[in-house]
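The values are calculated or read from the model by the stated rules, or taken from the named source; none is laboratory data. Small disclaimer: the values here were computed from a predicted structure and weren't measured. So basically every Cβ, Gly included, is an ideal-geometry build from the backbone, and we count neighbours across all protein chains shown.
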Amino acid sequence: MLLDDIAAILQQRGVTGVYKGFMPDQPDNIVALFEYAGEPMELTMGDDDPVLERPGLQVRVRDTSYPAGRAKIGQIVDFLHGLSEVVVNGTRYLLIRANQSPESLGLDANNRSEFVCNFSVLKER
C-alpha cells in the first residue's frame, strides 16, 4: 500500500511520528501522509506488461515551531523528490516527483504551523 511504503521510506531516513490517512490532534509535531486520486493508469500493450499506476501523495507536517516545521517538510521533499527505481514491500516505484514547493497552510486552531506538499507517484501495480 502506498502510504505504508512511503512511511517505510521516510522511517529509513530517520523521519519519525508518521501517521497514515489521518492527522490526530496530538501529538503537536507530526508528519501525516494522505493518498488521493492522481492521474489515469497507463494502458499497456501486452498481458505481461506491468500496470502502471499514478496515485497522488500529500505530505503534511505540523509543528509548534514554524522554522522546525518548515525544515521538516523541506527535508521530506529532499528525500522523496526524484526518488526512482526503488522497491518497497515488493512494489516498484519508478518515480516520485514533487508537484510544487512546500507551502504553509498557516496556523491550526491550536496555533501550530502546518505545511503541505503534493507529489505525483509512478509505480507498478
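Couple of notes before you dig in:
- Counting the residues of region 73-87 that are more than 15 Å from GLN58 (Cα to Cα), free of Cβ contacts under 8 Å to residues at least 24 places away in the same chain and not in a loop (DSSP other than H, G, I, E, B) gives 1.
- Single condition SER113 does not satisfy, out of (1) of a type in the set (Ser, Thr, Tyr); (2) closer than 15 Å to ILE9 by Cβ; (3) in contact with a helix residue (DSSP H, G or I) (Cβ under 7 Å, 6 or more places away or on another chain): (2)
- For region 32-39, the criterion of being modelled with pLDDT under 95 and in a loop (DSSP other than H, G, I, E, B) is met by none of the residues.
- Meets criteria (on the phi > 0 side of the Ramachandran plot and at pLDDT 95 or above) for GLY82: yes
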